[in-house]
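**Student:** Could you have a look at this structure, given as structure tokens, before my questions?
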Amino acid sequence: MGQLMRRHWTPICLIEEVAETDGAPVKARVLGEDLVVFRDSNGDVGVMDEYCPHRRASLVFGRNEDCGLRCLYHGWKVDVKGNVIEMVSETAMSVAAQQVKHKAYPVQEWGGFVWAYMGADHGTSTMPEFKPPAWAPTADAQVTIAKAIIPCNWAQILEGAIDSAHSSSLHSSDMVPARIASAGVTETTWLRPSTDKAPRLHIERTHYGFRYAAIRRPIVNAAANDYVRSSVFVAPATTLIPPNNLYNVANINVPIDDTNTAFYFMAWGHKSQTPDTATWRKFLGQTVGVDLDATYRPLRNRENNFWQDRDSMKAGSFTGITGFPNQDIAMWVTMGPIADRTHERLGASDLAIVEFRKLMLDAVMAFQGGATAIGTGDMAAPSSVCAFQAIVPKATDWRTYAAQPVWDSEGTALEPSYAAT
């Protein structure tokens, strides 16, 4: 599965983490590999093996200067392409520098992320070109990102993202029913036009993953209409989540290793109505220094019961945990680093979970047999794919519904005091 994932361009870190030219290098661990990320004197970003090719000391502690990263141990210096450009511990006559190549991956900056291609064919003619993801389709789209490092396997996080049924219970204090014509958002709450907690799920498998619909009874005119929330799984690790009235939502789950994941939650859309970084992270309860430590690890954890407030539960909060991603994180983490699925009892509401597992097992076995990795080449997701939510007549086929991302420079936010039932 790791080799399959390496056939995709992968987020390594946020651009904001390496925004400064000649700034401090950043440690990243992706797909079980320790990396160092830095921005050189020319503004170019390097993603390479963390450990110096000489004696394997960490380059995270190195000097970032004059278009290269210099190891503190013996002064060897490497550029963003992995070229060893200085060996100060060797004589001037030495040709050793020409004989050493440090592992460095191709890099692309896009949508707020530093991406790298980590496949075995990196730097060759078979390496795929970078293509913008569906949640950052153009350079003028605003992409706002919250990041958290979660101590559990990537798949159980992704399964939470594609599980539409849980939101009606776990997030019921933050995603509340309201008599509105479509999903909406205030400064504190996401609103949805349904009280139905047991959606009917339909799946459509695609060449890049699958689409599915969670169909609920709307609050208004339920005899004639359905409320459809359609999510998209883009293999191997992305979910397009149904939007609200102002902006689109997505998440991507990057395996750090088997038992740790970099969880990224994105709002994206028109700059006029997509929240800025500080607002988005505050809304989610994912602010560094308040909710997370300096390395993006949640301060809420199992040892402190995720800051659960039992008094607020008595007053009406369903979970007593502030910020709906924090509610999710509590569920993911308490399953264990890798959940034991042999003890599960799945139901009809778990249809998307079952499809994800079948799809990815089929994909990895096909890949082992020599097939192209799912979601790459001709199997890549088309630029038109998107999640949607809508109240539609019952005769409407959600599979052919003409969905488009939310992109309206004149959208109007609901007032924070909007009365929700």
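**Student:** Which residue pairs have Cβ atoms closer than 7 Å, lie 6 or more positions apart in sequence or on different chains, and pair a first residue in the range 11-27 that is among the hydroxyl-bearing types (Ser, Thr, Tyr) with a second residue that is open to solvent by 20 Å² or more (accessible area, probe 1.4 Å) and assigned to a strand (DSSP E or B)?
**Tutor:** As it stands, the answer is 21/39, since those pairs meet every condition given.
**Student:** With (1) without any contact (Cβ under 8 Å) to a residue 60 or more places away in the chain; (2) polar (S, T, N, Q); (3) buried (at least 18 other Cβ atoms within 10 Å of the Cβ); (4) not in a loop (DSSP other than H, G, I, E, B) as the list, and residue 342 as the residue in question, which single condition is left unmet?
**Tutor:** The number of the failed condition is (3).
**Student:** Within the range 317-335, is there a residue that is open to solvent by 60 Å² or more (accessible area, probe 1.4 Å) and over 24 Å from the mean Cα position of the chain (by Cα)?
**Tutor:** Yes, some residue in the range 317-335 is open to solvent by 60 Å² or more (accessible area, probe 1.4 Å) and over 24 Å from the mean Cα position of the chain (by Cα).
**Student:** Tell me whether the range 280-296 contains one or more residues that are open to solvent by 30 Å² or more (accessible area, probe 1.4 Å), farther than 19 Å from residue 233 by Cβ, in contact (Cβ under 8 Å) with a residue 24 or more places away in the chain and under 20 Å from the mean Cα position of the chain (by Cα).
**Tutor:** Yes - at least one qualifying residue is present in the range 280-296.
**Student:** Using the structure shown, decide if residue 39 is charged (D, E, K, R) and over 17 Å from residue 116 (Cβ atoms).
**Tutor:** No; evaluated as a whole, the condition is false for this residue.
**Student:** Would you mind stating whether residue 240 is at pLDDT 95 or above, among the hydrophobic types (A, V, I, L, M, F, W, C) and open to solvent by 40 Å² or more (accessible area, probe 1.4 Å)?
**Tutor:** no
**Student:** Inside the range 180-205, can you point out the residues that are among the hydroxyl-bearing types (Ser, Thr, Tyr) and either under 28 Å from residue 281 (Cβ atoms) or open to solvent by less than 30 Å² (accessible area, probe 1.4 Å) (or both)?
**Tutor:** 182, 186, 188, 189, 194 - these are the residues of the range 180-205 that are among the hydroxyl-bearing types (Ser, Thr, Tyr) and either under 28 Å from residue 281 (Cβ atoms) or open to solvent by less than 30 Å² (accessible area, probe 1.4 Å) (or both).
**Student:** Please verify whether the range 206-215 includes one or more residues that are modelled with pLDDT under 95, basic (Lys, Arg) and open to solvent by 10 Å² or more (accessible area, probe 1.4 Å).
**Tutor:** no
**Student:** Another question, if that's okay. Has the range 253-266 got at least one residue that is out of contact with any Gly (no Cβ under 9 Å at 6 or more places or on another chain), open to solvent by less than 50 Å² (accessible area, probe 1.4 Å) and within 19 Å of residue 352 (Cα to Cα)?
**Tutor:** Yes, the conditions are met somewhere in the range 253-266.
**Student:** Further question: Could you tell me whether any residue of the range 122-131 is open to solvent by less than 10 Å² (accessible area, probe 1.4 Å) and under 19 Å from the mean Cα position of the chain (by Cα)?
**Tutor:** no
**Student:** Just give me the residues in the range 351-380 being assigned to a loop (DSSP other than H, G, I, E, B) and open to solvent by 10 Å² or more (accessible area, probe 1.4 Å), in sequence order.
**Tutor:** 369, 370, 371, 372, 374, 375, 376, 380, listed by residue number.
**Student:** Also, I was wondering about something else. Out of curiosity, is residue 136 surrounded by fewer than 20 Cβ atoms within 10 Å (Cβ to Cβ), closer than 30 Å to residue 283 by Cβ and aliphatic (A, V, I, L, M)?
**Tutor:** yes
**Student:** Which one of the conditions (1) without any contact (Cβ under 8 Å) to a residue 12 or more places away in the chain; (2) open to solvent by 70 Å² or more (accessible area, probe 1.4 Å); (3) of a type in the set (Gly, Ala, Ser) does residue 347 fail to meet, given that it meets all the rest?
**Tutor:** Here residue 347 clears every test but (2).
**Student:** Which residue, of 149, 180, 157, 203, is assigned to a strand (DSSP E or B) and either out of contact with any Leu (no Cβ under 7 Å at 6 or more places or on another chain) or more than 25 Å from residue 252 (Cβ to Cβ) (or both)?
**Tutor:** 149
**Student:** Name, by its number, the condition in (1) in contact with a Lys or Arg (Cβ under 6 Å, 6 or more places away or on another chain); (2) more than 30 Å from residue 264 (Cα to Cα); (3) touching a residue at least 40 places away in the same chain (Cβ under 8 Å); (4) among the hydrophobic types (A, V, I, L, M, F, W, C) that does not hold for residue 104.
**Tutor:** The single condition residue 104 does not satisfy is (2).
**Student:** Tell me, which strands (runs of 3 or more DSSP E) lie completely within the range 1-108 with 1 or more residues that are open to solvent by 30 Å² or more (accessible area, probe 1.4 Å), within 19 Å of residue 122 (Cβ to Cβ) and aromatic (Phe, Trp, Tyr)?
**Tutor:** In the range 1-108, 9-14 are the strands (runs of 3 or more DSSP E) which contain 1 or more residues that are open to solvent by 30 Å² or more (accessible area, probe 1.4 Å), within 19 Å of residue 122 (Cβ to Cβ) and aromatic (Phe, Trp, Tyr).
**Student:** While we're on this one: List every residue pair whose Cβ atoms lie under 6 Å apart, where the two residues are 6 or more positions apart in sequence or sit on different chains, the first residue falls within the range 186-197 and is in contact (Cβ under 8 Å) with a residue 60 or more places away in the chain, and the second residue, located anywhere, is open to solvent by 10 Å² or more (accessible area, probe 1.4 Å) and of a type in the set (Ser, Thr, Tyr).
**Tutor:** Qualifying pairs under 6 Å: 186/418.
The values are calculated or read from the model by the stated rules, or taken from the named source; none is laboratory data. For clarity, every value in this text was computed on a predicted model and none was experimentally measured. Because the Cβ atoms are built from the backbone with ideal geometry, glycine has one as well, and the counts that use them run over all protein chains shown. For the accessible areas, the whole protein counts, side chains as well, though only heavy atoms, and no ligand, DNA or RNA atoms are used. Shrake-Rupley method; radii C 1.70, N 1.55, O 1.52, S 1.80 Å.
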